[in-house]
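Okay, so here's the structure we're looking at.
The values are calculated or read from the model by the stated rules, or taken from the named source; none is laboratory data. Just so it is clear, the structure is predicted and the values come from calculations on it, not from any experiment. All Cβ positions, even for glycine, are placed from backbone atoms using ideal geometry, and neighbour counts span all protein chains on display.
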Amino acid sequence: MDIYLPEQKIAFEFNGLYWHSELFKSNNYHQLKTDKCEEYGISLIQIYEDDWLYKKNIVKSRILNLLGLSEKIYARKCEIKEVSDNKIIREFLEKNHIQGYVGSIHKIGLFHNDELISLMTFGKSRKPMNGNDKNFELIRFCNKLNISVIGGASKLFKYFIKKYKPKEIISYADRSWSKGNLYEKLGFSMEYKTKPNYYYIINGVRKYRFNYRKDKLIKEGFDKNKTEHQIMLERNIFRIYDSGNLKYKYIN
């Protein structure tokens, strides 16, 4: 491990994109390292090079929060509001969430002195059971940089449950950063661990594989007889794998 804090049982790994790509690491390398640390009761935080280069403020804020060094504001001192202005949502997520902006249906925020300091977003479940429109996905949750809102997640989640009366809610915890503790506090149950996800390294940044599917590559003129992976390798574009996710479900 690159850094280990024995009193907190927290470790950090810095993953350079080239040296941690498929050229040098197996598909499950990062996941196995996370699993092994958990066997010893250690929370392993895996920081990827592009996040450190381009989202350093967010990474530092998350580390401060893990170490209990963030500024603390109590949720009882905050006002809860739904936010309809998508520009505000996009800006807040891009500045404060490591995975950035993604669209959602319900956006619920906590405001302190009229400033948005905590946000939770929900969308319809990707695969609703039997077409049930009461199934949702908790998509994003984050606080403003360097702030910890005590009781904030619980207050936002309870508001959503009370108002929208969902039947089920699913969500995914990124194992590069999380052991899922927050979900368990909210009443979710862990269903399973996913396989590692892969990204393509494009100009020193990880890009989600969705935009490099075989059907899209064929439309761009690449050989239909080759796999997505073969096409990308021939272009000297390599994959990098993460630690996978934890899938959680809440049943109301």
(message) Condition (residue is modelled with pLDDT of 95 or more, acidic (Asp, Glu) and surrounded by fewer than 19 Cβ atoms within 10 Å (Cβ to Cβ)) applied to the stretch 51-65: is it met by at least one residue?
(response) no
(request) Among the candidates 98, 63, 47, single out the residue that is part of a helix (DSSP H, G or I) and within 16 Å of the chain's Cα centre (by Cα). (result) 63
(message) Give me the residue from the stretch 17-44 that is hydroxyl-bearing (Ser, Thr, Tyr) and in a helix (DSSP H, G or I) and, out of that set, surrounded by the most Cβ atoms within 10 Å (Cβ to Cβ).
(response) 34
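Every residue in the stretch 6-53 that is of a type in the set (A, V, I, L, M) and either touching a Ser or Thr at 6+ places or on another chain (Cβ under 6 Å) or in contact (Cβ under 8 Å) with a residue 24 or more places away in the chain (or both), please.
10, 11, 17, 23, 42, 44, 45, 47, 53
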(message) Against the conditions (1) in contact (Cβ under 8 Å) with a residue 24 or more places away in the chain; (2) under 27 Å from residue 49 (Cβ atoms); (3) touching a helix residue (DSSP H, G or I) at 6+ places or on another chain (Cβ under 6 Å); (4) surrounded by 19 or more Cβ atoms within 10 Å (Cβ to Cβ), where does residue 217 fall short? Just the number, please.
(response) (1)
(message) Pull out all pairs, ordered by first then second residue, where Cβ-Cβ is under 6 Å, the residues are six or more apart or on different chains, the first lies in the stretch 62-75 and is of a type in the set (A, V, I, L, M, F, W, C), and the second is assigned to a helix (DSSP H, G or I) and surrounded by 14 or more Cβ atoms within 10 Å (Cβ to Cβ).
(response) 75/152; 75/155
(message) For the structure I just gave you, tell me whether residue 249 is within 30 Å of residue 35 (Cβ to Cβ), within 17 Å of the chain's Cα centre (by Cα), in contact (Cβ under 8 Å) with a residue 60 or more places away in the chain and surrounded by fewer than 18 Cβ atoms within 10 Å (Cβ to Cβ).
(response) yes
(request) Look at residue 42 and say whether it is under 23 Å from residue 154 (Cα atoms) and in contact with a strand residue (DSSP E or B) (Cβ under 6 Å, 6 or more places away or on another chain). (result) no
